[in-house]
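Below you'll find the structure, written out as C-alpha cells, and then a few comments.
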C-alpha cells in the first residue's frame, strides 16, 4: 500500500508490486576471469556458489566468464576472494534477471498475461488522471530502458559521444537502464571492462622476452595500477548497488588516480608505449563519465 502525499492524497490499493519488485531485484552478474584450466574453473564456481545470495553459478563464453544469478550479492568481497585464490577477476555486467519460477497468478486474474502497467488497481478518489501514477510506479519498478535519460546525462560529459556509446553498447543497457542509478552502474561496468581489457594487453606485452628493462618496469607498474583500478571499480559498483554515492565518488576517484600514475610513468620514463597511453586516455574518460553521472545523482 502506497500513500502519495501532496498530490491529490491518492491512495493506491490492491497494488501487488512486492512480488514484481522482487522479480526485478534478481541480479544476473557476469565476471570475466583469466581461468586457464578446469581446476581453476571448478574452484571459482565453488567459491562463488558459497556466497550469500547466490542461487546459481555457470560458465559461459570460452570458459572465461562466470555467470551468477541471485540477489544481494557482495560483489566486492567475491571478486577480491576470486582474485586472491583463483585468478584476475573483473565485473563485466550487472543486470536484472528473471527468477527461476514465474510469478504466481494474481488474485485479480491472469497475472502473467497482463502488461506491466495493468498489474495493479488504483483507488482514485476524484481524478481519473492519477491513474498515470500507477503506470509510472510499475514502469519504475520494472526498469524500462530510457535512452533519453542516457542522452541527457551524457550531455554533461567532456566526451558526450563516448559517454553515450559506452553505455548504450553494453548488453545490459537495453533492459536495465531504467533509472539514473542503473545507468551509473552500467557506466562503471563499461570502465571496468575497459580496464580488464587493458590489463590483458599489458600482460600480453610482458610475456615478450625481448622487452627492454625500462619498458618492462613501466609495464609492471601500469599492470599493478590497472589491477588496483579494477578493484576500485568493483567497489564502486558494490557501493552503487547500496546507493552509497559518496563511496562511489571515493572509489572512482581512486581508480582515476591509479591510471594517472600509470600515465605519469609512461611520460617520464624511456619505456613509453603509445597504445597504452591511448588506452589510458579512454579509460580516464570512461571513469570521469561515471564520476560525472554520480555527482549529478548526489
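The values are calculated or read from the model by the stated rules, or taken from the named source; none is laboratory data. None of these values were measured; they are calculated from a predicted model. Note that we place each Cβ from the backbone using ideal geometry, even for glycine, and neighbour counts take in every protein chain shown.
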Legend entry - helices (runs of 4 or more DSSP H) fully within segment 1-88 counting 2 or more residues that are touching a strand residue (DSSP E or B) at 6+ places or on another chain (Cβ under 6 Å), modelled with pLDDT of 80 or more and not assigned by TED's automatic domain parsing to the domain that holds residue 201: 38-49, 75-85
Inset, instruction - Confirm whether residue 220 is part of a helix (DSSP H, G or I), within 24 Å of residue 35 (Cα to Cα) and either in contact with a helix residue (DSSP H, G or I) (Cβ under 9 Å, 6 or more places away or on another chain) or not assigned by TED's automatic domain parsing to the domain that holds residue 89 (or both). - result: yes
Inset, instruction - Within segment 166-177, identify whether any single residue is within 14 Å of the chain's Cα centre (by Cα), farther than 20 Å from residue 294 by Cα, in the same structural domain as residue 273 (by TED's automatic domain parsing) and part of a loop (DSSP other than H, G, I, E, B), and answer yes or no. - result: yes
